[in-house]
1. Any residue at all in region 194-208 that is outside the structural domain of residue 62 (by TED's automatic domain parsing) and farther than 19 Å from residue 91 by Cβ?
2. Here is a list of conditions, (1) at negative phi; (2) in a loop (DSSP other than H, G, I, E, B), and residue 27 meets all of them except one; can you say which number that is?
3. Could you check residue 169 against (1) touching a residue at least 12 places away in the same chain (Cβ under 8 Å); (2) over 30 Å from residue 32 (Cβ atoms) and say which number it fails?
4. Select from region 167-182 the residues that are in contact with a helix residue (DSSP H, G or I) (Cβ under 7 Å, 6 or more places away or on another chain) and part of a helix (DSSP H, G or I) and list them in ascending order.
5. Could you list all residues from region 167-184 that are surrounded by 15 or more Cβ atoms within 10 Å (Cβ to Cβ) and on the phi < 0 side of the Ramachandran plot?
6. With (1) buried (at least 17 other Cβ atoms within 10 Å of the Cβ); (2) in a helix (DSSP H, G or I); (3) in contact with a helix residue (DSSP H, G or I) (Cβ under 9 Å, 6 or more places away or on another chain) as the list, and residue 164 as the residue in question, which single condition is left unmet?
7. Hey, could you check region 78-90 for residues that are surrounded by 20 or more Cβ atoms within 10 Å (Cβ to Cβ) and without any contact (Cβ under 8 Å) to a residue 60 or more places away in the chain and say which is farthest from the chain's Cα centre (by Cα)?
8. Please go through (1) under 24 Å from residue 92 (Cβ atoms); (2) in a loop (DSSP other than H, G, I, E, B); (3) in contact with a helix residue (DSSP H, G or I) (Cβ under 7 Å, 6 or more places away or on another chain) for residue 187 and return the number of the only condition it doesn't satisfy.
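The values are calculated or read from the model by the stated rules, or taken from the named source; none is laboratory data. These figures come from a predicted structure and were not determined experimentally. FYI the Cβ positions are ideal-geometry reconstructions off the backbone, even for glycines, and counts take in every protein chain you see.
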């Protein structure tokens with residue numbers, strides 16, 4: 001029985017979506033739930049605790065969020081759950097970065113997100129999504145779910161490869177991680193430093209406690 005503990009509540013708070021799962025020490029997911037939330041932190045946490053009642057017992061919390069202050073969120077989670085909590089950015093919770101040189105994390109989901117890490121330290125105010133890329137489109141618009149729907153998978157996939165080539169040229173990163181719902185739709189030969197991280201969240205969440 002001891003091998004099944006500690007059980008970690010892994011939470012991603014990314015309005016309008018919330019996802020929560022109970023993860024064992026071996027990374028196995030025992031239960032998970034998803035639902036909608038608004039931008040208010042306290043309201044989002046009330047929704048979370050309603051979900052947790054269905055998920056089961058846990059010993060600690062690993063949470064990812066970008067909308068709210070990480071320290072304040074960790075304090076609120078600990079106070080309301082009576083369990084230790086650690087909070088990171090959504091990018092840090094998506095992948096287990098290597099803490100080597102420049103690392104980029106791209107999240108391809110309903111919304112686009114990007115983060116840059118230098119030797120493991122996250123660069124503040126890195127707003128790649130708002131930067132112009134091609135034909136007056138921003139990176140976020142160029143790789144959006146709307147672009148996928150408009151152009152189809154083949155053309156959207158070419159766009160992804162074009163962006164990866166550009167980022168490699170501009171930033172010369174040690175690694176680029178691509179995660180999120182739409183990462184699984186990428187195909188074709190990728191640069192050697194690109195990792196499609198579609199199943200890395202549980203290991204990254206447990207790594208917060210390493």
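1. No; the residues of region 194-208 include none that is outside the structural domain of residue 62 (by TED's automatic domain parsing) and farther than 19 Å from residue 91 by Cβ.
2. It is condition (1) that residue 27 fails.
3. If we test residue 169 against (1) touching a residue at least 12 places away in the same chain (Cβ under 8 Å); (2) over 30 Å from residue 32 (Cβ atoms), just (1) comes out false.
4. The one that is in contact with a helix residue (DSSP H, G or I) (Cβ under 7 Å, 6 or more places away or on another chain) and part of a helix (DSSP H, G or I): 182.
5. Of the residues in region 167-184, the ones surrounded by 15 or more Cβ atoms within 10 Å (Cβ to Cβ) are 167-168, 171, 173-180, 182-183.
Listed by number, the residues that qualify are 167, 168, 171, 173, 174, 175, 176, 177, 178, 179, 182, 183.
6. All conditions are met except number (3).
7. 85
8. Among (1) under 24 Å from residue 92 (Cβ atoms); (2) in a loop (DSSP other than H, G, I, E, B); (3) in contact with a helix residue (DSSP H, G or I) (Cβ under 7 Å, 6 or more places away or on another chain), residue 187 violates only (1).
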